[in-house]
Structure formats: structure tokens, C-alpha cells
Amino acid sequence: VGREVVGDGNHDQVLYNPHMDFMKEYDGVARVLKDEVVQIAEGKITVVGVSWKSCASEDYSAVSSNVKKLRNESQKGNIDIDLVLSHIHPYIKRGGNGWHGSRGLTEFVGDLNAPLHCFGHIHWTRGVRQTESGTTLVNCATTWNEPVVIDYDPCMRKVKMIHCPF
């Protein structure tokens, strides 16, 4: 597994049997991030993966702890978070139908000061929004659509282009 990372969601598990794990389909293909922080692209991009469990419970303490741990262990000092992956969608004031998600997640992502947050969950309202603080939010739900493509410049920590067909 190289640079491929994915997050888990409500469709990746049997909710009535928490011991069944559909994430095994990613073995050898991608790393499933569950409240983890990883660096990809030769350390140029730092990704935070928020688990379905943390999103569903609105408890981001485990992933916050892992961010702090990485930052404390870094020889470069403070590490900037480039991308947050979650299944649940954030809350966006006046964002429109389908953008009234988790206020706790919105606050968590804002505290990280990440320039990009990708998520799914609401399959019927793909699209892109931007927060007042400048974070680009992309609903990447893919059940019935073409894939989302994002061109991100890690040196500038800026999204350059997003292809997000509806």
C-alpha cells in the first residue's frame, strides 16, 4: 500500500454486528484510516482520517490525540494538516439542502486549519463549498456518480482544481 488512503463509513459495516468488517476488501489496495494521521506523497501531505465511530458519536478525542501525538513526535515542529477525510458531512450555515451536518465535525476541522475536507454520506448532494475560514469542503459521495478529482498543491497548501460531477 502506497499513497492510497480511504475512510470508513456506515456502509462498511453491519450495524447490528460490529464484528463484521467490510473493510477487508481494501487489504493490499489502500489503507483504511480510523482516527489516524498519516503522511503521504513522500511526507508532503498530511491526512487525518476520522472514523465512522467518532463521527457517529461526535467524539473526536481519539483522532485529536493522534494529531497531537504526531505533532509532538515531529522533528519539524508543528505539522500542518492538509486533508481531513470523514464519512459524515459538516454543518455549513446557509450551505443549502444536504449541508446541515455535524457542527462538532465542523469545529474539529476548523481547529485543524486544514485547507481541504473530503467526505460523503449524503449521496444526493455532491458539491463544493468553502467555509468562512477558507477550508474547501468537497462532498465526494460516489455511489451513482463519476469520481471526484482534486488537484492539490502541497507546497502552497491550496486546492488548485476540483472536478466534482453531480
With θ set to phi - 60° and the Karplus curve 6.51 cos²θ - 1.76 cosθ + 1.60, what are the ³J(HN,Hα) couplings of segment 83-98 in order, to the nearest whole Hz, using x for Gly and Pro? 9, 10, 10, 8, 8, 5, 8, x, 8, 10, 4, 6, x, x, 4, x
Top to bottom by accessible area (1.4 Å), largest first, where do His163, His100 land? His100, His163
Share of pairwise Cα separations in segment 40-92, more than 17 Å, in percent: 41
Which net charge results for the neighbourhood of Lys160, defined as the other residues with beta-carbon distances under 9 angstrom from its beta-carbon, given Lys and Arg at +1 and Asp and Glu at -1? -1
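If you average 1/r over every pair of different alpha-carbon atoms in segment 77-123 and take one over that average, what Kirkwood value in Å do you get? It would help to have the intermediate numbers written out before the result.
Numbers: mean 1/r = 0.0893 Å⁻¹.
Evaluated over segment 77-123, this radius sits at 11.2 Å.
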Under 5 Å, built H, 5+ apart or other chain: amide partners of Val84: Val48, Leu116, His117, Cys118
Please enumerate, by chain and number, the aspartates and glutamates with C-alpha under 20 Å from the C-alpha of Lys44, excluding those fewer than 8 residues away in the same chain. Glu4, Asp35, Glu36, Glu73, Asp80, Asp82, Asp151, Asp153
Size descriptor, Kirkwood hydrodynamic radius, that averages inverse alpha-carbon separations across the chain, Å: 16.3
If exposed means GluC sites (Glu not before Pro) lying in a DSSP loop and surrounded by at most 13 other beta carbons within 10 Å, then the longest stretch of the chain lacking such sites spans residues 59-131
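The values are calculated or read from the model by the stated rules, or taken from the named source; none is laboratory data. What you are looking at is a predicted structure, and each value in this text was computed from that prediction instead of being measured. In this analysis, Cβ positions are derived from the backbone assuming ideal geometry, glycine residues included, and neighbour counts consider all displayed protein chains. SASA here: full protein model, heavy atoms, side chains in, ligands and nucleic acids out. Shrake-Rupley method; radii C 1.70, N 1.55, O 1.52, S 1.80 Å.
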